[in-house]
Amino acid sequence: MNPNHDTIAELEALTAEMAETQDLGGKRLNDLLEKRGKLIRCLIASNFDAADCRLVSIIAHADQLQERLQRRAESIRSDLSGLETTRLLMAAVKSTLSAPQPPVGLDISA
């Protein structure tokens, strides 16, 4: 059996699993990315058939995954920005509430 064929098949299955992964920040995704990098380096180091149609599918899955990761990263950045805005607002409210209040009442000393 051709070792490149096996490597491409494994890379194809791994990329499909990555595309289906729901937890984009999880340890499993990091493991998959690391393994995928090793498989790609293995293919680059060997004589593989660049015309293999499975590589086109793998690249398409990788593009979809990259877009999904980018959207998720943008969402996280937006959430963090919102949290920072909320933190600043809470700090402003807290400083306003803790400011000494002027005495309320009538001055009857005169």
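The values are calculated or read from the model by the stated rules, or taken from the named source; none is laboratory data. Everything quoted here is computed from the prediction, not taken from an experiment. Cβ: placed from backbone, ideal geometry, glycine included. Neighbour counts: every protein chain shown.
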| request: Looking only at region 19-33, count how many residues are touching a helix residue (DSSP H, G or I) at 6+ places or on another chain (Cβ under 7 Å) and either at pLDDT below 75 or not hydrophobic (A, V, I, L, M, F, W, C) (or both). | output: 5
| task | Output the residues belonging to region 48-100 that are surrounded by 10 or more Cβ atoms within 10 Å (Cβ to Cβ) and not in a helix (DSSP H, G or I). | result | 48, 49, 52
| note | Scanning region 34-68 residue by residue, the ones that are touching a helix residue (DSSP H, G or I) at 6+ places or on another chain (Cβ under 8 Å) and among the hydrophobic types (A, V, I, L, M, F, W, C) total 9
| Only one of these conditions is not met by residue 4: (1) of a type in the set (S, T, N, Q); (2) out of contact with any Asp or Glu (no Cβ under 9 Å at 6 or more places or on another chain); (3) at pLDDT below 75; (4) assigned to a helix (DSSP H, G or I). Which number is it? | (2)
